[in-house]
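I have placed the structure first, in the form of structure tokens, so that the comments after it can refer back to it.
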Amino acid sequence: MGVRVAYLAACVGVAALMVGCAANRLAEPRAQWRAEAEAACLASGEVRASAFVQSAGSVGGRSCGMDAPLKVSGLLDGRVAVTPTATINCPMTASLNRWVRNSVQPAAYRTFGEPVVGIRQIASYGCRGRNGSHFGPLSEHAFGNALDVAGFRLASGREISVLRDWWRGGPAERAFLQAAFAGACAEFYTVLGPGSDPYHSNHFHLDLLRTNARNGRHYCQPTPYGGGGIAELPGGDSVGAVAKAPLSFAGRRGETY
């Protein structure tokens, strides 16, 4: 009986410690670079208020959230819908616009002969730890500095799914997704997709964690090109030829955001 009581007491103590750690994490102020990045983005005029980009009011608190949260329902002036509406910061909005304009649309036109008109996202702002954990470091989602993209809709209504088409799609679907992924690796600081770990089997995780951009290095898993098995686009060009960029990969594994 005494052993059981001692065991229960130890478990309660560990639980209390973990709760305390979580509370301390949420009491920490946001890093100063986050506010500076938001302010610089807003001052640049690259992201402007519109019917598709609107203020989200107040989101978060001392740790989670952002200074100027945005509700984004469309990119490229509404030509590409974002569903459901995403709550993200200004730098993510600007990067998403560049990614869609410079990588996603060229790959869609080249592969399918038509543009992407919609992006399906499954996670934007959320005050939580990495991989949904209540403990440990906060996710970039906790700062509106990340978006999880699960699929794309073409003008014809055709749906391209990361879960279905990354591994099991036809050559065109796989080529398009690989080109979009490679382009994301050039634009965002952290990019994770199918094959990186079990948490990202059905989406692309995109974020702008600044510490992953030191010395120009991006954390991108899996490596988007170089090696066998990369599908070819119609016309014989490989995905790497379409999306190739001067990237340097961090090469770490098992750490997600």
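The values are calculated or read from the model by the stated rules, or taken from the named source; none is laboratory data. Because the structure is a prediction, the values reported are computed rather than measured. Every residue, glycine as well, gets a Cβ built from its backbone with ideal geometry; the counts of neighbours run over all protein chains shown. Each accessible area value is taken on the protein alone, full model and side chains, heavy atoms only, with ligands, DNA and RNA left out. Shrake-Rupley method; radii C 1.70, N 1.55, O 1.52, S 1.80 Å.
Apart from one condition, VAL149 fits all of (1) part of a strand (DSSP E or B); (2) hydrophobic (A, V, I, L, M, F, W, C); (3) farther than 30 Å from GLY61 by Cα; the exception is (3).
Out of SER133, SER139, one residue alone is within 13 Å of the chain's Cα centre (by Cα), modelled with pLDDT under 95 and either among the polar types (S, T, N, Q) or over 30 Å from CYS64 (Cβ atoms) (or both). It is SER139.
Looking across region 82-113, not a single residue is surrounded by fewer than 17 Cβ atoms within 10 Å (Cβ to Cβ), in contact with a Lys or Arg (Cβ under 8 Å, 6 or more places away or on another chain) and not polar (S, T, N, Q). Residue count for region 53-63, restricted to those that are at pLDDT 90 or above and surrounded by fewer than 19 Cβ atoms within 10 Å (Cβ to Cβ): 2.
Looking at MET66, MET1, can you tell me which residue is at pLDDT below 60 and either within 24 Å of ALA142 (Cβ to Cβ) or loosely packed, with under 10 Cβ neighbours inside 10 Å (or both)?
MET1
For LEU75, the conditions (1) at negative phi; (2) open to solvent by 60 Å² or more (accessible area, probe 1.4 Å) are fulfilled apart from (2). The listed residues are ASP237, ASP197, ASP207, and the only one of them that is modelled with pLDDT of 80 or more, of a type outside the set (Gly, Ala, Ser), farther than 17 Å from VAL100 by Cα and out of contact with any His (no Cβ under 6 Å at 6 or more places or on another chain) turns out to be ASP197. GLY157 meets each of the listed conditions (1) part of a loop (DSSP other than H, G, I, E, B); (2) in contact with a strand residue (DSSP E or B) (Cβ under 8 Å, 6 or more places away or on another chain) apart from (2). Taking first residues from region 138-156 that are farther than 20 Å from GLY118 by Cα and open to solvent by 10 Å² or more (accessible area, probe 1.4 Å) and partners that are among the small types (Gly, Ala, Ser) and not in a loop (DSSP other than H, G, I, E, B), the Cβ contacts under 9 Å between residues at least 6 apart in sequence or on separate chains come to LEU138/GLY129; PHE143/GLY60; PHE143/GLY65.
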